[in-house]
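Student: So that we are looking at the same thing, I have put the structure below in structure tokens.
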Amino acid sequence: MSAAAVRRPFKANWGARIGWVLLALYCVYATWSLDFSWARFVSGLDNGARFLGAMFPPEFTRWRMLVDNLIETLEIAVIASAFGVAFSLPIGLVAARNLMPTWATWPARTLIAICRSFHPVIFAILFVKAVGFGPLAGIITLVFASIGFIGKLFAEAIEEISLKPVEACRAAGAPFMSVIFMAVLPQVLNRFIGFATYQFDANLRNSTMVGIVGAGGIGGTLFAAFQRFDYDFLAAILLSIIALVMLGEYLASIVKAVFND
Amino acid sequence: MTSRKWERFTPLQRLARFSVFLAAGIALAVSLRTVHVVPEFLYDAPTQMADMFSRMWPPDTGYYWTGVHSSLVETMHIAGMGTILALILALPVALMAARNITPVPALNWLAKLILVSSRSVNTLVWAILFVAVFGPGALAGTIAIGFRSIGFCGKLLGEALEECNPGPIEALKAAGAPWTSIILKGYWPQVAPAFWGISLFRWDINVRESAVIGLVGAGGIGMALDTAINLFRWNQVALILLCIFAIVIVAEIVVTKIRQRII
């Protein structure tokens, strides 16, 4: 048997090796250009230890303010999810290519793409400038974020449905709204509930953050505590945010369990 | 003949579904009644928005080379290095979370705890924490992006590891391969496509996130945006927003192209 007939089981892939070297070079270059240094990292660890020391024990004496802020955060998430879901239903329906003509899907898809293209914080900044500080700006921000996310998923879900019930309805002479309610919605309702609970979860996480730029909720208090070096209160806020997010996740799992059987 | 009525759901299921809708409705009603929104602000929002956009136009393109370009490059570096850092940190956590690789429930549980706490804290909040630790700048931003991404990368990677076909691994074990070989030659080839998919997907997300962490002082284009907004230089704000939009779109196109080629 010639040596050539023996296939090496793990042959060297030079393309991949060159790729890894290039990646390593990029890391060195980026580290250098971002001005990272070991000394800075070590002094940072020192700072970090002091920071953690200042955070403990968390200070819960201002719990009334904390609870008020958490409730506002929750309200922003609830209202934004409700309106976001309500708006993304028709927009997603219009964006579905299998039901709508091209002239209708294009504007809807563009709107969804615009809502998705910017980070919610950037929307929050713009809306704070437009409608002033407070929860209203946060709600509008998260409504836009929800349309960008659910609108896209919902349009994709509708594009995947079976068209047979739709054709049956149309053949029976059903008007357009009956086709939607009898043939389209029953096929996507379960997935839609899934998207809605997921979006509520995402909105809850984001509503803890929009306050950093002044759009209501607990984020504003968090940023203020940080700027005043009020680190033990900061720890209390962080712990309550984590608790709130976990509660939201638990609620979402219950809702999903009710609808998925 | 008795007529039988067929129903899709049991009464209990219908009750459960109805109570979910009822609870959602009550939550919405209570929230709408108690949230502190000034309705006048909502009515004149369109006018205010129009006014803001009119002040933004035209974008101050001359500002690009003086103020935007370097922070845009810094943003891309933060996103790239943050993703790499996240992958390095997520790998051991993912190995620990995968039940077929680490058959110790306590370690699985610890890994899950790390993954959940990484995801519960928003990138901006991680950025605030690391700005306090490392001072303002790109170092804090990179580490914040990295820490936030551990949860995402570790969870998906751990799931990919759990779904591995045990055949090749048993073959390697039977041949007496050391555990490094089992990981590199048994698991890695099976999870490599998932790994690259996850890395690209996270990088795409991190480009968006690294554009805003500068608002709390963690480096990148967000710092330029913050300055421009605080100084009411709306034409510069418009330029910066256009640049962020452009890099987000470019990142999305790059990710789509690479995905088509490698997966």
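Student: Collect the residues in region A:165-206 that are within 12 Å of chain B (Cβ to nearest Cβ) and among the hydrophobic types (A, V, I, L, M, F, W, C), keeping them in residue-number order.
Tutor: The answer is A:Leu189, A:Ile193, A:Ala196, A:Phe200, A:Ala202, A:Leu204.
Student: Something else: Take the residues of region B:1-22 that are out of contact with any helix residue (DSSP H, G or I) (no Cβ under 9 Å at 6 or more places or on another chain) and assigned to a helix (DSSP H, G or I): which is modelled with the highest pLDDT?
Tutor: Here the answer is B:Leu22.
This table checks each residue for (1) in contact with a Leu (Cβ under 7 Å, 6 or more places away or on another chain); (2) within 17 Å of B:Leu225 (Cβ to Cβ).
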residue	(1), (2)
B:Tyr63	yes, yes
B:Thr66	no, yes
B:Val73	no, yes
B:Gly82	no, no
B:Leu87	no, no
B:Met96	yes, no
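Student: Within region A:207-225, can you find the residues that are within 9 Å of chain B (Cβ to nearest Cβ) and in contact with a Leu (Cβ under 6 Å, 6 or more places away or on another chain)?
Tutor: Taking region A:207-225 and keeping what is within 9 Å of chain B (Cβ to nearest Cβ), we get A:208-209, A:212-213, A:216, A:219, A:222-223.
Hits for region A:207-225 are A:Met209, A:Ile212.
Student: Could you identify the single residue in B:Leu110, B:Leu15 that is more than 30 Å from the chain's Cα centre (by Cα) and farther than 25 Å from B:Leu200 by Cβ? Break it down stepwise before answering.
Tutor: Details: B:Leu110 fails: more than 30 Å from the chain's Cα centre (by Cα).
Residue meeting the stated conditions: B:Leu15.
Student: Which one is nearest to A:Asn47 (Cα to Cα), of the residues in region B:107-130 that are within 12 Å of chain A (Cβ to nearest Cβ) and surrounded by fewer than 22 Cβ atoms within 10 Å (Cβ to Cβ)?
Tutor: Step one: filter region B:107-130 for residues within 12 Å of chain A (Cβ to nearest Cβ), giving B:113, B:116-130.
The next check asks that each one be surrounded by fewer than 22 Cβ atoms within 10 Å (Cβ to Cβ); those that pass are B:113, B:116-117, B:119-120.
Details: B:Leu113: 25, B:Val116: 25, B:Ser117: 22, B:Arg119: 24, B:Ser120: 24 Å.
Here the answer is B:Ser117.
Student: With A:Gly194, A:Gly217 as the choices, which residue is open to solvent by less than 10 Å² (accessible area, probe 1.4 Å) and in contact (Cβ under 8 Å) with a residue 60 or more places away in the chain?
Tutor: Numbers: A:Gly194 fails: open to solvent by less than 10 Å² (accessible area, probe 1.4 Å).
Answer to the selection: A:Gly217.
Student: If you don't mind, another one. Identify, from the list B:Thr83, B:Thr10, B:Thr75, the residue that is open to solvent by less than 90 Å² (accessible area, probe 1.4 Å), at the interface with chain A (Cβ under 10 Å from one of its Cβ atoms) and hydroxyl-bearing (Ser, Thr, Tyr).
Tutor: Going through B:Thr83, B:Thr10, B:Thr75 in turn, just one is open to solvent by less than 90 Å² (accessible area, probe 1.4 Å), at the interface with chain A (Cβ under 10 Å from one of its Cβ atoms) and hydroxyl-bearing (Ser, Thr, Tyr): B:Thr10.
Student: Go through region A:27-57 residue by residue and tally those that are facing chain B (nearest Cβ under 7 Å) and closer than 22 Å to A:Phe223 by Cα.
Tutor: Going through region A:27-57 one residue at a time, the tally reaches 4.
Student: Is there any pair with a first residue in region B:40-59 that is over 18 Å from A:Thr141 (Cβ atoms) and a second that is hydrophobic (A, V, I, L, M, F, W, C) and exposed (fewer than 13 other Cβ atoms within 10 Å of the Cβ) whose Cβ atoms are under 7 Å apart and which are 6 or more apart or on different chains, and what are they?
Tutor: From region B:40-59, no pairs qualify.
Student: Being touching a Gly at 6+ places or on another chain (Cβ under 9 Å), open to solvent by 10 Å² or more (accessible area, probe 1.4 Å), part of a helix (DSSP H, G or I) and more than 9 Å from chain B (Cβ to nearest Cβ) narrows it down to one residue among A:Ile150, A:Ile91, A:Ile125; which is it?
Tutor: A:Ile91
Student: Mind checking which residues of region B:26-69 are open to solvent by less than 50 Å² (accessible area, probe 1.4 Å) and within 9 Å of chain A (Cβ to nearest Cβ)?
Tutor: Answer for region B:26-69, where residues must be open to solvent by less than 50 Å² (accessible area, probe 1.4 Å) and within 9 Å of chain A (Cβ to nearest Cβ): B:Ala27, B:Leu28, B:Ser31, B:Val35, B:Val37, B:Ala45, B:Met49, B:Met52.
Student: Considering each residue of region B:97-147, count those that are touching a residue at least 60 places away in the same chain (Cβ under 8 Å) and assigned to a helix (DSSP H, G or I), and give that number.
Tutor: 17
Student: Please tell me if A:Phe60 is within 12 Å of another protein chain (Cβ to nearest Cβ) and surrounded by 12 or more Cβ atoms within 10 Å (Cβ to Cβ).
Tutor: In short, no.
Student: Here are some conditions: (1) under 25 Å from A:Ile71 (Cβ atoms); (2) in a helix (DSSP H, G or I). B:Thr47 meets all but one. Which one does it not meet?
Tutor: (1)
Student: Oh, and also: Given the criterion open to solvent by 30 Å² or more (accessible area, probe 1.4 Å), closer than 23 Å to A:Ala95 by Cβ and among the aliphatic types (A, V, I, L, M), identify the matching residue among A:Leu189, A:Leu247, A:Leu251, A:Leu239.
Tutor: None of the other options fit; the residue is A:Leu189.
Student: Considering only residues that are surrounded by 16 or more Cβ atoms within 10 Å (Cβ to Cβ) and on the phi > 0 side of the Ramachandran plot, which ones fall in region B:216-262?
Tutor: Hits for region B:216-262 are B:Gly217, B:Gly219, B:Gly220.
Student: Checking the conditions here, which among B:Leu225, B:Leu239 is of a type outside the set (Ser, Thr, Tyr) and closer than 24 Å to B:Leu129 by Cβ?
Tutor: Details: B:Leu239 fails: closer than 24 Å to B:Leu129 by Cβ.
Residue meeting the stated conditions: B:Leu225.
Student: For region B:160-240, which fully contained helices (runs of 4 or more DSSP H) count at least 2 residues that are more than 14 Å from every other protein chain (Cβ to nearest Cβ) and of a type outside the set (A, V, I, L, M)? If you could, list the steps in order and put the result at the bottom.
Tutor: Working: elements: B:166-174, B:188-210, B:221-230.
It comes to B:166-174, B:188-210.
The values are calculated or read from the model by the stated rules, or taken from the named source; none is laboratory data. These numbers were taken from a predicted model, which means no experiment stands behind them. Every residue, glycine as well, gets a Cβ built from its backbone with ideal geometry; the counts of neighbours run over all protein chains shown. Surface accessibility is based on the protein's heavy atoms, side chains included, excluding ligands, DNA and RNA. Shrake-Rupley method; radii C 1.70, N 1.55, O 1.52, S 1.80 Å.
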